[in-house]
Amino acid sequence: MDLHVLRLFQEVARGATVTDTAARARLTQPALSRALHRIEREAGAALFQRSGRALRLTPAGHAFAGHVAAILERYDEGLRAVAEAVDPESGVIPLAFLHTFGTWLVPPVVSSYRADHPRARFELRQHGEEGLARELLDGTADLVLTSGDPGDPLIEWVRLLEEPLLLAVPPKHRLARRKQARLADVAEESFILLRRGYALRETTEQLCARAGFSPRVGFEGEEVETLRGLVTAGLGVALLPLPHTATFPPAPTTPTTPHLRVTDVPAARDIGLAQLSGRVLPPASARFREHVLATAPRALPG
């Protein structure tokens, strides 16, 4: 087996279909299937089992996948070390971030860094919170911008800034003409929440508890903008960050959904930068980390 085949194995092991993986690799599906079978023959065990139209790792496959990730990570680190030894200014910075940061936080910190380091290159990935910690643990990202401390002993997290959370209500809601309200004012209404496992869901539940009630769940989703759309449609209320434009410092847009300042509880979420604990970052990522620590706290207006 070679490194290219191991990368294809890793992609399928992470849940990609054989069809999609083959298309991205410019292979036929039978050619990729044969390559995966060759890995199984060399490993001496079945690494995948079919589940409907998808492949799932067997216990042996899970064991093998961990070693494959380590091999590829060390190889990629070696390539980066060589590249940065030849030209430290042209290093690659693998950065993952919460998808809602893609319109306001990530563009200014990246562009301002590139202004001083024009040959730096970025590998950008965006996720919900659940996928961000995995990027660090799998070695596919050096740094992660996320809301809240991941709470993993293997991950070091530093707070950058606090982002206000506002009460989003439907345009025809009884509170829609106000600029502020108590969270307790909507205690009897349906809440539109991110599903469990997302930091914003936990923050919303904690703030509601401080306001003296448990939120009644009307809908659950995986994207903040989906939640905002459901609120606009009149299906419930939600605690959400205000949408931002990609300016630096950013200015809030004027949403069609009324967003009210919350007065009875400190409605906000922490935004921070995470990396693997104890890991010495490559030079380019270490420089970018210092840049983020210096510039990100200015990313919110006011």
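The values are calculated or read from the model by the stated rules, or taken from the named source; none is laboratory data. These numbers come from a predicted model, not from an experiment. Positions of Cβ are backbone-derived with ideal geometry, glycine not excepted, and every protein chain shown enters the neighbour counts. Quick note on the areas: whole protein, heavy atoms, side chains included, nothing else; ligands and nucleic acids left out. Shrake-Rupley method; radii C 1.70, N 1.55, O 1.52, S 1.80 Å.
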Kindly indicate whether Ala45 is of a type in the set (A, V, I, L, M) and part of a helix (DSSP H, G or I). no
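Return the residues of the range 49-63 that are free of Cβ contacts under 8 Å to residues at least 40 places away in the same chain and either among the aromatic types (Phe, Trp, Tyr) or assigned to a helix (DSSP H, G or I) (or both); say none if nothing qualifies.
Looking only at the range 49-63, we keep the residues that are free of Cβ contacts under 8 Å to residues at least 40 places away in the same chain, and these are 49-54, 56, 58-60, 62-63.
Of everything in the range 49-63, those that are free of Cβ contacts under 8 Å to residues at least 40 places away in the same chain and either among the aromatic types (Phe, Trp, Tyr) or assigned to a helix (DSSP H, G or I) (or both) turn out to be Pro59, Ala60, His62, Ala63.
Scan the range 216-231 for residues that are in contact (Cβ under 8 Å) with a residue 12 or more places away in the chain, open to solvent by 40 Å² or more (accessible area, probe 1.4 Å) and assigned to a helix (DSSP H, G or I) and report the count.
Within the range 216-231, the first condition is being in contact (Cβ under 8 Å) with a residue 12 or more places away in the chain, and the residues that meet it are 216-225, 227-228, 230-231.
Of the ones still in play, those that are also open to solvent by 40 Å² or more (accessible area, probe 1.4 Å) are 216-217, 219-220, 222-223, 225, 230.
Filter again for assigned to a helix (DSSP H, G or I), leaving 225, 230.
The number of residues fulfilling the criteria is 2.
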Taking the range 197-215 as the search range and keeping residues that are more than 16 Å from Leu167 (Cβ to Cβ) and hydroxyl-bearing (Ser, Thr, Tyr), which one is surrounded by the fewest Cβ atoms within 10 Å (Cβ to Cβ)? Ser214
Within the range 242-263, tally of residues that are in a loop (DSSP other than H, G, I, E, B), open to solvent by 30 Å² or more (accessible area, probe 1.4 Å) and at pLDDT 90 or above: 1
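Condition first: under 21 Å from Arg195 (Cα atoms), open to solvent by less than 10 Å² (accessible area, probe 1.4 Å) and in contact with a helix residue (DSSP H, G or I) (Cβ under 7 Å, 6 or more places away or on another chain). Now tell me which residues in the range 97-120 satisfy that. Lay out the reasoning, then the answer.
Taking the range 97-120 first, the residues under 21 Å from Arg195 (Cα atoms) are 97-102.
Retained after the next criterion (residues that are open to solvent by less than 10 Å² (accessible area, probe 1.4 Å)): 98, 101.
Once the filter is applied, which keeps residues that are under 21 Å from Arg195 (Cα atoms), open to solvent by less than 10 Å² (accessible area, probe 1.4 Å) and in contact with a helix residue (DSSP H, G or I) (Cβ under 7 Å, 6 or more places away or on another chain), the range 97-120 yields only Leu98.
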How many of the residues in the range 1-34 are out of contact with any Ser or Thr (no Cβ under 7 Å at 6 or more places or on another chain), within 19 Å of Arg56 (Cα to Cα) and not small (Gly, Ala, Ser)? 12
Can we say Val280 is at pLDDT 90 or above and in a loop (DSSP other than H, G, I, E, B)? no
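When the residues of the range 121-155 are narrowed to those that are assigned to a strand (DSSP E or B) and of a type in the set (Lys, Arg), which ends up least open to solvent (accessible area, probe 1.4 Å)?
As a first pass, look at the range 121-155 and keep what is assigned to a strand (DSSP E or B): 121-127, 143-147, 155.
Imposing the further condition that a residue be of a type in the set (Lys, Arg) reduces the set to 121, 125.
Values: Arg121: 132, Arg125: 78 Å².
In this case the residue turns out to be Arg125.
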Report whether or not Glu42 is more than 30 Å from Thr146 (Cβ to Cβ) and surrounded by fewer than 16 Cβ atoms within 10 Å (Cβ to Cβ). yes
Number of positions in the range 186-196 that are open to solvent by less than 50 Å² (accessible area, probe 1.4 Å) and charged (D, E, K, R): 1
So how many residues does the range 156-171 have that are open to solvent by 10 Å² or more (accessible area, probe 1.4 Å), of a type outside the set (A, V, I, L, M) and farther than 15 Å from Ile192 by Cβ? 5
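Report, by residue number, each residue of the range 28-48 that is in contact (Cβ under 8 Å) with a residue 12 or more places away in the chain and in contact with a Leu (Cβ under 9 Å, 6 or more places away or on another chain).
Restricting attention to the range 28-48, the residues satisfying the condition of being in contact (Cβ under 8 Å) with a residue 12 or more places away in the chain are 32-33, 35-36, 38-39, 42-43, 45-48.
Of everything in the range 28-48, those that are in contact (Cβ under 8 Å) with a residue 12 or more places away in the chain and in contact with a Leu (Cβ under 9 Å, 6 or more places away or on another chain) turn out to be Leu32, Ala35, Leu36, Ile39, Leu47, Phe48.
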Output the number of the condition that Leu239 fails; it satisfies all remaining conditions of (1) part of a strand (DSSP E or B); (2) out of contact with any strand residue (DSSP E or B) (no Cβ under 9 Å at 6 or more places or on another chain). (2)
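Tell me which residues, restricted to the range 7-21, are of a type outside the set (D, E, K, R) and either within 19 Å of Leu72 (Cα to Cα) or open to solvent by 30 Å² or more (accessible area, probe 1.4 Å) (or both).
Initially, the range 7-21 is screened for residues of a type outside the set (D, E, K, R), giving 8-10, 12-13, 15-19, 21.
Those that are of a type outside the set (D, E, K, R) and either within 19 Å of Leu72 (Cα to Cα) or open to solvent by 30 Å² or more (accessible area, probe 1.4 Å) (or both): Leu8, Phe9, Gln10, Val12, Ala13, Gly15, Ala16, Thr17, Thr19, Thr21.
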